[in-house]
Amino acid sequence: MKIRDIMMDGLFRQNPTLKLVLGVCSTLALTTSAFDSFGMGIAVTFVLVCSNVIVSLLRNVIPDKVRIPAFVLVIATFVTIVQLFLRKYVNALYASFGVFLPLIVVNCIILGRAEGFASKNKVGFAALDGLFMGLGYTWAMVLIGGIREILGYGTFFGIKLWDFTIDFFASQAGAFFTYGIVIALFVLVWNAIERSQKLKKASANDAPVVEEQKEEN
Amino acid sequence: MNILPIILAAVLSNNFVLIQFLGICPFLGVSQKVDSALGMGIAVTFVMVLTCLVTYPIYNYVLVPLGLAYLEIIVFIFVIASLVQILEMVLKKFIPALYSSMGIYLPLITTNCAILGVAELVLTETLVTGLFEAVLYGLFAGVGFTLAIVLLAGLREKLDKLPLAKCLKGFPATMIASCFMAMAFYAFSLI
Amino acid sequence: MSDAVKTTIKSIAVLLCIAVASGLLLAVCNDVFYYEAGGASDFEALIEGNWSVVEVNGEFANDNGSISQIAENGTAHVGFIVSGNGVGKSGAYTMAIIIDRATNKVAAVKTIEMGATSSGYDLSQEQLDSYVGVEIADSTAFDTVPSNALVAGATGSSKAINNAFKVVGAYYTIYYLGGSAVDPTEEYLGYLGQISTETFTKAEVDGSITISNGRLLLVAESATQVGFYVESTSDGGNVDNGAYRLAIVVDRATAQIASAKVIEEGATIPGYEVSQTTINAYVGQAITSATVFDTFEGGLIDSSSLNAGMTNTGWTQSSRTVRNAFQMVANYYFNAYMGGKHLTSLQTLAPGQTWTIVPVADATALTGSTILCLAESDQGKIGMVVSAINDGTNVNNIMNGEYIIAVVIDRATNALESAVIVKDGWVSMDMFAVPQDKVNAYVGTIIDSATVFDTFEGGLIAAEGYLNYGMTNTGWTQSSRAVRRAFQAVANCYFAEYIGG
């Protein structure tokens with residue numbers, strides 16, 4: 001069930017944006033447009049997967065003392081590749097990301113996963129972890145981006161919906177506000193889901209609720 | 001010389017944290033207490049000044065002339081990591097008092113988007129036309145960051161005492177407090 | 001070697017290896033993803049061909065932007081990498097624009113670097129393509145933005161992109177059409193000077209009015225007249241006719257053609273030219289509708305009267321081409337200056353009656369307002385469409401836009417019967433918008449003097465207490481003051497035209 005764990009962790013249980021609250025800078029800055037949010041999500045996912053794979057492959061080679069610089073070097077390489085690619089093929093995203101494109105390097109999510117997971121697990125799992133963490137980040141970004149774009153500009157992915165706009169949501173203050181509210185709602189909803197799942201298990205087993213045993217590494 | 005516009009822009013109208021969204025992780029992570037916030041702010045300012053001092057000339061006089069502009073990200077992050085490492089060693093050895101008050105934040109700063117951010121931004125900021133202005137920008141960007149983080153720490157010390165709904169406690173409350181701060185700073189950008 | 005030293009050497013070695021490996025990988029990627037802003041690659045992507053870069057004549061730049069690179073595809077196309085100056089919130093746009101040299105029309109366009117602050121404010125390729133097919137006849141080719149390329153909500157970006165086209169238009173005219181480096185406006189104004197003694201200044205062309213069978217080269221206004229320099233083409237027939245260029249002046253007070261003259265003859269067959277006597281048949285005619293000249297035959301020449309011995313039937317093409325010029329002027333003048341395009345607003349506000357437009361003596365009598373349209377109905381009502389801007393001080397240097405209202409007044413009782421906002425002005429926040437019930441406060445007033453609304457506060461909205469990002473505004477909202485100004489203009493005009501004094 002290791003794969004299922006990785007999937008659920010990345011997408012929901014340890015969602016980097018809504019639960020761990022990492023990589024906040026890009027979430028606040030780029031969620032004015034659902035398209036930009038989606039683009040960033042894919043870019044981060046790509047870098048996550050690639051860097052996780054390389055870090056995992058090299059995990060027994062890199063000495064502990066220099067692991068952070070080594071990880072950062074690897075991540076920086078892939079971010080540069082994304083930068084070159086976007087500049088040529090998706091110029092619109094390259095322009096709207098601005099300074100946040102190189103800042104993917106210091107996105108806490110990527111370094112966090114490299115240090116916390118990829119350096120301690122096999123390549124396959126590392127790759128999957130990168131993928132699902134990235135997807136978790138992406139859906140959270142698109143959710144916040146969608147809300148801010150619909151309410152702030154009246155469009156969704158660039159398609160005009162209506163003329164009604166609340167400029168607040170397009171502003172910096174609105175970024176903080178929306179993000180805060182979405183985190184709160186996500187915590188509410190997810191806790192409710194987990195509670196009901198626990199209750200289901202309890203009634204099924206007809207036994208007191210216990211924490212599910214974690215698999216040994 | 002654009003001294004005053006740079007100062008005003010870096011600290012207020014283009015505040016790194018509240019307008020440009022850079023350096024949020026430490027902003028959220030180290031702002032529970034005013035003391036630690038101040039320490040982090042000073043550390044960040046130090047590193048920003050040093051970073052601009054080194055990366056600006058490296059980009060303009062080494063990378064670009066050699067046609068190696070695509071190595072920008074890698075070189076910058078390497079420079080920042082090295083600078084921080086050296087700064088930490090120097091402080092520990094020569095000014096232990098200072099090290100004990102803000103040195104612990106230094107490792108966190110390497111991956112702080114505000115540092116890499118300021119290195120990138122001085123390259124494209126129209127107000128910056130030379131090394132002196134680049135360093136000036138870095139200095140006051142740090143001041144602006146410190147201002148924001150200390151203000152938020154002040155707010156959070158009060159917030160922690162409020163009875164809030166469970167789901168609002170922690171990050172959501174901090175976000176909303178930041179939201180109001182952002183609104184206030186927005187007023188500066190209208191100047 | 002001690003362990004510590006071993007580890008240090010290993011660390012450095014590992015880091016070096018990673019650095020070298022990544023350096024190599026990036027060097028490869030830098031080539032694979034090679035990007036050059038401009039250069040043949042961008043043009044190749046749009047239109048295939050043998051593109052080669054040519055020199056830009058003297059680093060061309062004007063008020064609208066600058067050209068950074070030009071490339072030619074043999075003699076078939078010429079492509080420009082041009083930067084159009086930013087407008088409003090949008091930064092400068094860099095565009096790749098290709099002109100087909102055979103037809104002088106825009107063949108393709110692509111954004112190289114957008115200036116909009118977010119991709120939400122950018123124009124789509126479909127919207128950009130509305131420029132395709134626009135012909136560059138002279139440097140004024142892009143003075144009007146194609147309607148699909150002027151996107152509401154993205155006006156800054158739309159205008160910045162238009163600036164890029166204007167630069168291309170100017171350069172292409174000078175260097176590829178051998179045209180004059182001088183803006184033709186002076187020349188055109190000179191033609192108006194031949195038929196009128198007034199001083200004219202160039203006016204902006206209203207792009208929403210469709211012109212057919214020709215184009216407006218110049219629209220200019222003077223104190224009492226509106227002058228046109230138009231180029232009209234033939235509307236069919238067997239013989240090819242050249243385009244005619246005429247200068248036509250309309251008197252504003254009476255909406256009559258004051259004078260007209262042919263500047264450039266288009267007739268290709270001798271004997272078919274249109275004489276000044278024939279043109280004078282149009283002088284004195286009043287523009288009562290957009291189509292007033294459509295069936296006017298006073299200036300047409302019967303071709304059977306020429307070339308005796310040959311059987312030609314019908315009107316000559318040249319005289320029809322000349323008539324097209326007057327039709328163009330009538331259409332444009334009626335819609336732009338007599339408020340013809342505003343008739344629909346009155347028809348919606350007070351349906352079931354026929355409205356006839358009446359010329360207004362002074363459309364801008366009240367500062368900050370313009371009477372766009374004055375009309376009388378067959379049921380004794382007077383209708384007006386008026387635009388106005390705020391008459392108070394501007395808070396925070398935010399100027400709200402103009403408001404346009406439509407009103408209906410009963411002539412017998414001088415009572416304001418109904419009113420509605422046709423177009424809202426720009427407001428910085430939705431709470432400042434003026435709702436219909438505030439407009440209805442003006443309804444029912446008897447207009448017995450020109451100043452009846454000057455101190456009327458029933459339709460004003462108080463701005464006190466509104467929290468706008470921490471700032472408090474006091475007084476009346478600018479938007480409601482703009483609406484009141486419009487009503488003041490209504491009262492002023494109604495009094496002057498119908499009650500007298």
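The values are calculated or read from the model by the stated rules, or taken from the named source; none is laboratory data. Just so you know, these numbers come straight off a predicted model, no measurement behind them. FYI the Cβ positions are ideal-geometry reconstructions off the backbone, even for glycines, and counts take in every protein chain you see. The area values use the complete protein model at the heavy-atom level, side chains included, leaving out ligands, DNA and RNA. Shrake-Rupley method; radii C 1.70, N 1.55, O 1.52, S 1.80 Å.
Tally the residues that are within 7 Å of chain A (Cβ to nearest Cβ) and either more than 13 Å from residue B:28 (Cα to Cα) or open to solvent by less than 50 Å² (accessible area, probe 1.4 Å) (or both), restricting the search to segment B:169-179.
Of segment B:169-179, the ones within 7 Å of chain A (Cβ to nearest Cβ) are B:171-172, B:175-176, B:178-179.
This time we only want the ones that are either more than 13 Å from residue B:28 (Cα to Cα) or open to solvent by less than 50 Å² (accessible area, probe 1.4 Å) (or both), so: B:172, B:175-176, B:178-179.
Qualifying residue count, segment B:169-179: 5.
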Legend entry - Residue, farthest from the other protein chains (Cβ to nearest Cβ), within segment B:89-110, restricted to residues that are open to solvent by 40 Å² or more (accessible area, probe 1.4 Å) and within 17 Å of the chain's Cα centre (by Cα): B:104
Inset, instruction - Name every residue in segment C:247-257 that is at pLDDT 90 or above and buried (at least 20 other Cβ atoms within 10 Å of the Cβ), in order of residue number. - result: C:247, C:248, C:249, C:250, C:257
Legend entry - Which listed residue is modelled with pLDDT of 80 or more and in contact with a strand residue (DSSP E or B) (Cβ under 7 Å, 6 or more places away or on another chain), from C:205, C:230: C:230
Legend entry - Condition check for residue C:125: without any contact (Cβ under 8 Å) to a residue 40 or more places away in the chain and either of a type in the set (D, E, K, R) or under 30 Å from residue A:170 (Cβ atoms) (or both): yes
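Only residues that are in contact (Cβ under 8 Å) with a residue 60 or more places away in the chain and either within 14 Å of chain A (Cβ to nearest Cβ) or more than 26 Å from residue B:31 (Cβ to Cβ) (or both): list them for segment B:137-151, please.
Taking segment B:137-151 and keeping what is in contact (Cβ under 8 Å) with a residue 60 or more places away in the chain, we get B:137-150.
Scanning segment B:137-151 gives B:137, B:141, B:144, B:145, B:148, B:149.
For (1) modelled with pLDDT of 85 or more; (2) outside the structural domain of residue C:485 (by TED's automatic domain parsing); (3) not in a loop (DSSP other than H, G, I, E, B), each residue gets a yes or a no:
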| site | (1), (2), (3) |
| --- | --- |
| C:431 | no, no, yes |
| C:438 | yes, no, yes |
| C:442 | yes, no, no |
| C:450 | yes, no, no |
| C:456 | yes, no, no |
| C:460 | no, no, no |
| C:465 | no, no, no |
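Looking only at segment B:29-67, how many residues end up being aliphatic (A, V, I, L, M), surrounded by fewer than 19 Cβ atoms within 10 Å (Cβ to Cβ) and modelled with pLDDT under 80?
Taking segment B:29-67 as the starting set, the residues that turn out to be aliphatic (A, V, I, L, M) are B:30, B:34, B:37-38, B:40, B:42-44, B:47-50, B:53-54, B:58, B:62-64, B:66.
If we keep only those that are surrounded by fewer than 19 Cβ atoms within 10 Å (Cβ to Cβ) as well, we get B:34, B:38, B:42, B:53-54, B:58, B:62-64, B:66.
Subsequent filtering for residues that are modelled with pLDDT under 80 retains B:64, B:66.
Total satisfying the criteria: 2.
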Legend entry - Output for segment C:92-122, where each listed residue is modelled with pLDDT under 80 and assigned to a loop (DSSP other than H, G, I, E, B): C:114, C:115, C:116, C:117, C:118, C:122
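Taking into account only those residues within segment B:152-168 that are free of Cβ contacts under 8 Å to residues at least 60 places away in the same chain and more than 9 Å from chain A (Cβ to nearest Cβ), which is least open to solvent (accessible area, probe 1.4 Å)?
First, pick out the residues of segment B:152-168 that are free of Cβ contacts under 8 Å to residues at least 60 places away in the same chain: B:155, B:158-159, B:161-168.
If we keep only those that are more than 9 Å from chain A (Cβ to nearest Cβ) as well, we get B:155, B:158-159, B:161-164.
Working: B:155: 72, B:158: 145, B:159: 39, B:161: 165, B:162: 86, B:163: 121, B:164: 60 Å².
Filtering first and then ranking leaves B:159.
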Legend entry - Options A:78, A:71, A:100, A:85: the member that is within 26 Å of residue B:86 (Cα to Cα) and aromatic (Phe, Trp, Tyr): A:71
Inset, instruction - Go through segment A:132-153 and give me each residue that's closer than 24 Å to residue A:165 by Cβ and among the aliphatic types (A, V, I, L, M). - result: A:140, A:141, A:142, A:143, A:144, A:147, A:150, A:151
Inset, instruction - Just name the residue that is most open to solvent (accessible area, probe 1.4 Å) out of those in segment A:157-169 that are within 9 Å of another protein chain (Cβ to nearest Cβ) and in a helix (DSSP H, G or I). - result: A:167
Legend entry - Output for segment B:52-72, where each listed residue is without any contact (Cβ under 8 Å) to a residue 12 or more places away in the chain, in a helix (DSSP H, G or I) and within 14 Å of chain A (Cβ to nearest Cβ): B:69, B:70, B:71
Inset, instruction - Taking residue A:143 as meeting all but one of (1) modelled with pLDDT under 85; (2) more than 14 Å from chain B (Cβ to nearest Cβ), write down the number of the exception. - result: (1)
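Before we move on, is residue A:59 modelled with pLDDT of 85 or more and surrounded by 20 or more Cβ atoms within 10 Å (Cβ to Cβ)?
On the way: modelled with pLDDT of 85 or more: yes; surrounded by 20 or more Cβ atoms within 10 Å (Cβ to Cβ): no.
No; evaluated as a whole, the condition is false for this residue.
For segment A:1-69, please list each of the helices (runs of 4 or more DSSP H) lying entirely inside it that holds at least 1 residues being of a type outside the set (Val, Ile, Thr), within 14 Å of chain B (Cβ to nearest Cβ) and within 24 Å of residue A:85 (Cβ to Cβ). I'd like the intermediate steps shown before the answer.
On the way: elements: A:2-8, A:24-30, A:34-57.
Once the helices (runs of 4 or more DSSP H) in segment A:1-69 are filtered for at least 1 residues that are of a type outside the set (Val, Ile, Thr), within 14 Å of chain B (Cβ to nearest Cβ) and within 24 Å of residue A:85 (Cβ to Cβ), what remains is A:24-30, A:34-57.
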Legend entry - Positions within segment A:62-87 being surrounded by fewer than 18 Cβ atoms within 10 Å (Cβ to Cβ) and either acidic (Asp, Glu) or farther than 27 Å from residue A:42 by Cβ (or both), in sequence order: A:63, A:64, A:65
